[in-house]
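The values are calculated or read from the model by the stated rules, or taken from the named source; none is laboratory data. What you see is a predicted model, and the numbers here were worked out from it, not measured in a lab. Please note: Cβ atoms are built from the backbone with ideal geometry, for glycine as well, and neighbour counts cover all protein chains shown. Surface areas here come from the heavy atoms of the whole protein model, side chains and all, with no ligands, DNA or RNA. Shrake-Rupley method; radii C 1.70, N 1.55, O 1.52, S 1.80 Å.
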Amino acid sequence: ERSTLRLSGGLLSANHYLRENVYAYFYRQLFVGATLFTSGRSNYLYQQLDLDPQKVKSKRFPSTFDYQQNARLYVATDSVMPDYQNENEYINYLAQSIYRIAQENQCQTMVLFNSLVTIEQVYGLLRQTDLFNQRDILAQGINGNREKLLKQFATGTNSLLMGANSFWEGIDLPNQQLQLLIVTRLPFDAPDEPFTKAEHQLLQTQGKNPFYNSALPKATIRLRQGIGRLLRTPQDYGVAVVLDSRLAQRRYGRSILNALPKDLTVEQVATRQIATKTKKFLKHCQQHTNGN
């Protein structure tokens with residue numbers, strides 16, 4: 001028998017390390033980012049960067065993108081959530097939903113997942129459909145690494161890219177290289193990951209709620225980053241779809257939505273309506289763009 005050992009590492013607590021060993025050697029520090037804050041009242045960012053909120057000046061600039069005119073967010077109200085009893089039902093739901101939306105909307109499409117295993121399972125089901133006859137299907141862990149897939153996707157006109165963790169951020173696809181973004185599931189960290197478990201245990205010993213002090217702000221920032229892939233120039237337009245009804249039905253879903261661009265129109269709809277609504281909005285945007 002062969003046994004394996006896996007080591008996980010990470011910074012559980014800053015303990016003023018940054019303050020004493022990094023910031024102390026600079027006169028002033030400037031932090032710049034597009035998705036830094038999860039909400040106006042959240043101290044999550046300050047804690048992660050080892051900063052005293054009382055001593056930091058913050059300035060927020062308005063977005064240069066017209067989300068109201070150029071973007072929509074559709075949230076499925078009837079999604080299937082995975083559990084050990086109905087894993088197959090969940091994978092079937094994702095494959096059928098992605099197929100229906102992608103078949104109805106022939107455009108540059110990115111589908112974001114939380115795990116490579118789920119990508120492989122959904123890819124296997126989509127492989128049995130006629131979707132592969134219509135367009136290029138690119139999947140992380142199957143067709144190549146991140147750089148190779150992004151290069152292929154950026155030069156495509158009707159490609160569908162399925163990616164996990166590293167595809168949620170740091171990707172720039174301007175000028176209609178991406179028009180449809182599908183988020184399969186809210187990007188919460190897997191609770192059984194060793195580092196996540198250790199971090200949550202530490203927060204509990206400090207009398208803090210791990211969900212509200214770690215899991216929720218992390219997922220909020222990641223979703224903002226994911227949706228941020230959609231509009232990269234003032235001329236871009238597109239649709240984001242979230243196949244996770246928790247965003248519409250759970251109380252914390254409201255706080256996540258509040259962290260998204262203020263003028264982004266959010267509609268809660270049944271999954272079967274998403275494909276048609278997406279097609280109608282993209283056609284409207286295309287006509288408006290061509291008209292100008």
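Quick look at the values:
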quantity: Point-charge dipole on Cβ atoms (K/R +1, D/E -1) for the stretch 169-292, about Cα centre, debye to 20; calculated: 460 debye
quantity: Gyration tensor over alpha-carbon atoms, the chain, equivalent ellipsoid semi-axes in Å; calculated: 33, 25, 19
quantity: Helix-derived mean residue ellipticity, 222 nm - over the chain, DSSP H n ≥ 4, -39500 (n - 2.57), to 500; calculated: -11000 deg cm²/dmol
quantity: Peptides ranked, highest mean first, by Cβ atoms within 10 Å: ranges 3-9, 75-81, 104-110, 195-201; calculated: 104-110, 75-81, 195-201, 3-9
quantity: Rg/Rg_ref, the stretch 224-292, where Rg_ref = 2.2 N^0.38 Å and atoms are Cα; calculated: 1.22
quantity: Angle between the chain longest axis and helix 87-104 axis [Cα atoms, degrees, rounded to 10]; calculated: 60 degrees
quantity: Net charge dipole size for the stretch 124-242 [Lys, Arg +1 and Asp, Glu -1 on Cβ; Debye, nearest 20]; calculated: 60 debye
quantity: For the stretch 171-220, the fraction of alpha-carbon pairs in successive 5 Å shells from zero, as %; calculated: 4, 18, 20, 16, 11, 9, 9, 7, 4, 1
quantity: The chain: relative contact order in percent, alpha carbon pairs under 8 Å with at least 6 residues between; calculated: 29 percent
quantity: The stretch 100-155 and the stretch 208-253: distance between their alpha carbon centers, rounded to Å; calculated: 21 Å
quantity: Convex hull of Cα atoms in the stretch 87-153, direction-averaged projection (nm²); calculated: 4.4 nm²
quantity: Equivalent ellipsoid semi-axes, the stretch 174-267, via Cα gyration tensor eigenvalues times 5, rooted, Å; calculated: 30, 14, 12
quantity: Between helix 216-227 and the chain: long-axis angle, C-alpha atoms, 0 to 90°, nearest 10; calculated: 40 degrees
quantity: Protein accessible area in the stretch 131-193, 1.4 Å probe - carbon and sulfur %; calculated: 44 percent
quantity: Length-normalised contact order of the stretch 132-203 in % [C-alpha pairs under 8 Å, at least 6 apart]; calculated: 25 percent
quantity: Burial ranking of peptide ranges 153-163, 58-68 (average Cβ count within 10 Å, highest at the top); calculated: 153-163, 58-68
quantity: Descending semi-axes in Å of the stretch 27-177, equivalent ellipsoid built from Cα gyration tensor; calculated: 35, 20, 16
quantity: About the Cα centre, charge dipole magnitude for the chain (Lys/Arg +1, Asp/Glu -1 at Cβ), debye; calculated: 820 debye
quantity: Furthest towards positive pole of dipole, GLN68, LEU181, THR4, structure part the chain, Cβ charges; calculated: GLN68
quantity: Accessible area per residue, Å², the chain with all protein chains present, probe 1.4 Å; calculated: 58 Å²
